[in-house]
1. For residues that are among the aromatic types (Phe, Trp, Tyr) and within 15 Å of Arg15 (Cα to Cα), tally how many sit in region 34-93.
2. Can you report the number of residues in region 10-46 which are modelled with pLDDT of 95 or more and of a type in the set (Phe, Trp, Tyr)?
3. In region 10-59, how many residues are closer than 16 Å to His91 by Cβ and not small (Gly, Ala, Ser)?
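The values are calculated or read from the model by the stated rules, or taken from the named source; none is laboratory data. Computed from a prediction, not measured in an experiment: that's the story for all the values here. Using ideal geometry, Cβ is built from the backbone for each residue, glycine included, and neighbour counts are taken over all protein chains shown.
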Amino acid sequence: MASELPAGWTLERVRALSADPTATPLSLDRLVVIEAADQADYERLWPDLIPAFHGLCLVRHDGEWLMGHLDKDGSVLCWASYGPELAKAIHSL
């Protein structure tokens, strides 16, 4: 994951900032969706990085970090964008 993180980021830094020593990258081989506003359906996302911590996930899609949670089937359901900065997205927990 370190090679996929933004410049200056390491897995150890993600763990420290999230206060979760078990933070880990998730495989991209899973369904990732976001709730679409004012719609009954979901929009599928194609992320390039999914760090998980505290039972939540951040999903990087098109340069934006989205917050979500991991379902029992391994899919990720996102509900909001927290912008392009990883530190701000982590602090949004």
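1. Final tally of qualifying residues: 1.
2. Qualifying residue count for the region: 1.
3. Pass one, region 10-59, residues closer than 16 Å to His91 by Cβ: 13-20, 23, 51, 53-54, 56-58.
Right, trim to not small (Gly, Ala, Ser) and you get 13-15, 17, 20, 51, 53-54, 56-58.
Qualifying residue count, region 10-59: 11.
Residues checked against (1) among the small types (Gly, Ala, Ser); (2) closer than 19 Å to Lys72 by Cα:
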position	(1), (2)
Ala7	yes, no
Thr10	no, no
Arg13	no, no
Asp29	no, yes
Asp38	no, no
Arg44	no, yes
